[in-house]
1. I'd like to check one number: the per residue accessible area of segment 411-545, probe 1.4 Å, reported in Å² as a whole number.
2. How would you rank 353-364, 447-458, highest first, on the average number of other Cβ atoms within 10 Å across their residues?
3. Just to confirm my numbers, what's the Cα centroid distance between segment 293-322 and segment 372-401 in Å?
4. If I fit a long axis through the Cα atoms of helix 196-208 and take the longest principal axis of the Cα atoms of the chain, what angle between them do I get, 0 to 90°, rounded to 10?
5. Per DSSP helix of 4 or more residues, -39500 (n - 2.57); summed, then divided by the residues of the chain. What does that give at 222 nm, rounded to the nearest 500?
6. Any idea how far the Cα center of segment 258-290 sits from the one of segment 476-545, in Å?
7. Roughly what would the spin-label model give for residue 166 and residue 102, points 7 Å off Cα along C-beta, in nm?
8. Dividing the convex hull volume of the Cα atoms of segment 161-320 by its residue count, what figure in Å³ per residue is obtained?
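The values are calculated or read from the model by the stated rules, or taken from the named source; none is laboratory data. Quick caveat, the model's predicted, so the values are computed rather than measured. Cβ atoms come from the backbone with ideal geometry, glycine included; neighbour counts cover every protein chain shown. Ligands, DNA and RNA are excluded from the accessible area calculation, which covers all protein heavy atoms including side chains. Shrake-Rupley method; radii C 1.70, N 1.55, O 1.52, S 1.80 Å.
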Amino acid sequence: MNNTRWPSADARSHLDADVVVVGGGIAGLYLLYRLRGLGLEALAFEAGSDVGGTWYWNRYPGCRCDVESLEYSYSFAGDLQQEWKWPERYGTQPEILRYVNHVADRFDLRRDIQFNTRVVSALFNRELKLWSVSTDRGEVIRAPFCVMATGNLSTPNRPNFPGLESFQGRWYHTGLWPHEGVDFTGLRVGIIGTGSSGIQSIPHIASQASHLYVFQRTANFTLPARNGPLDPVTERRHKAEYPARRKAAYETPFGISGYPPPTRSALEATGEERQAIYESKWAEGGQISFLYAFNDLLVNQASNDTAAEFVREKIRRTVNDPVVAELLAPKTHPIGTKRLILDTNYYETYNRDNVTLVDISESPIEEITPEGLRVASTNYTFDSIVFATGFDAMTGAMLDIDIQVEGGASMADAWQHGPKTYLGLMVAGFPNLFTITGPGSPGVKSQMILSIEQHVDFIAACLQHMRSRGMSQVEAEPAAEQAWVSHVKAVAESTLYPRADSWYMGANIPGKPLVFMPYVGGVDAYKKECDEVVADGYKGFSFAS
Ligand code: FAD
Ligand code: NAP
């Protein structure tokens, strides 16, 4: 039905769409919008029962954005960004999900999405230049192009503790939270994990539970979010400046406007000056603001130590019990090299009588028991267990799909020693398959909606480029991919990031190759590179008719 669109389509007899999209989150939705605008037929599959991705699945108490609402939103539609009213400085999960639903309705995107459908495999036939995408419902859809909008934090990681099936209470994962919510009132609860999800949910669960045990393997740095109602004056000003701000965001490392880049090292300031600057950032709230206190916090260990010690000191002053405070004070990684978390009343929660911190850094959880769990010879008894144990990040969702080229490579083989991509957009050896904010992209180190829009715009422009030239196949060149992978690695190694056992490194999943996956050269450098690639006739991509 589409064989007037792609010149080589004569060869295809059962074409179901021009593009198959996997995922109905923020990326999948914008992609559908852009593809429709190009007059292409797209069909998306989403495992969940509705749109939203991250914001559909992560419904745990306290879940909210750590990028300010006015920044964490789509920029592609001027009216939308002017009309939408964000009630708070940082959007809550329900609010963001409402926004994503509004976008899906406003642009009539649901009609191109099949929900409750998981893509299980994708097979490319080089002769026909077609992807055959199979679902868990037994359907096979054929299309020349396939885009994985499968998300970086969409494959929940539940550690394989023995005995979970014997647990007589109820257990939950923050990334698979029941839609009807959970009432912990009067219950004994154990929570495993103190990353962003744990730190956001702990104060909420503690306020309901009769007792909350927090199992901490690694202490994490978190700053007060200073959330509150969005000030109408700030909102008006921001909205008036939207076009300029959105443009300016692309010229920043994290894709967020409004923070002038710092110009001096932490070591150039006196102790008093440093203290005053960190205090003002602490009072202001926000990660970028804090990390922008000085220009070398993420590259110089001695500078980083000054910021880390400032936060440790805040913890010691907030938490009444000095032993608990010391356990909560992170000492094993530089500040900012794992996601720097924003919280509301996190450290204060440990002053409650009904909260106990259990340090499992030396002695891991041995097993889940019918009553709770066991650490060494100590048994803990609960009614509920919460796994705030994160995700098989960046590669999990892609590798859950059996992606192969007939007679060629499989993605599992290609990424056996860690993921490789060209610009986080394509993988050499897999023609006509795009990824959005994949490994090698700055996506997860940025305001992600901005990165998603930039990646989708790149893909849309590439498809348009091909169509106007009668080309039906695009592929990343192996040499270009190798050069990009080396560059991503070199940039990471010039920073402190690899010093943390983070999900950026794959260190949270036993057996996963230890490769630093995101590009930390910044959105600004990345966008410049992409623009140059396009200006240079899609340098590093090869095309065929
Ligand atoms: P997702 O939202 O992950 O959507 C991917 C979708 O693909 C999912 O719905 C999934 O079900 C579907 N899918 C995957 N595999 C398949 C398959 N095989 N078949 C069918 N469907 C499939 N980013 C920020 O910039 N700022 C923040 O403050 C922020 N907060 C976050 C808070 C949480 C709790 C989490 C988990 C992430 C947060 N992020 C944040 C990152 C967030 O993931 C992105 O901002 C953004 O929502 C990603 O959108 P996406 O569409 O790329 O991926
Ligand atoms: P995470 O950062 O990976 O944290 C997982 C936690 O579980 C860590 O404390 C980890 O300990 C612990 N853990 C994992 N396996 C364990 C095991 N076998 N035994 C004991 N503890 C174990 O996951 P997350 O908190 O879900 O966050 C993931 C990412 O999602 C964030 O970094 C962020 O990008 C995004 N997110 C953002 C927000 C927000 O504020 N907007 C909220 C939630 C999530 P170790 O540290 O020792 O591995």
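1. Numbers: 4710 Å² over 135 residues.
Dividing the accessible area of segment 411-545 by its residue count gives 35 Å².
2. Details: 353-364: 14.2, 447-458: 22.9.
My ranking of the peptides, most packed first, is 447-458, 353-364.
3. Measuring centre to centre over Cα atoms gives 29 Å.
4. 50
5. Values: 17 runs with 172 residues, N = 545.
Computed ellipticity for the chain at 222 nm equals -9500 deg cm²/dmol.
6. 29
7. Simple spin-label model gives 5.0 nm for this pair.
8. On the way: hull volume 30.9 nm³, N = 160.
In segment 161-320, the Cα hull volume divided by residue count equals 193 Å³.
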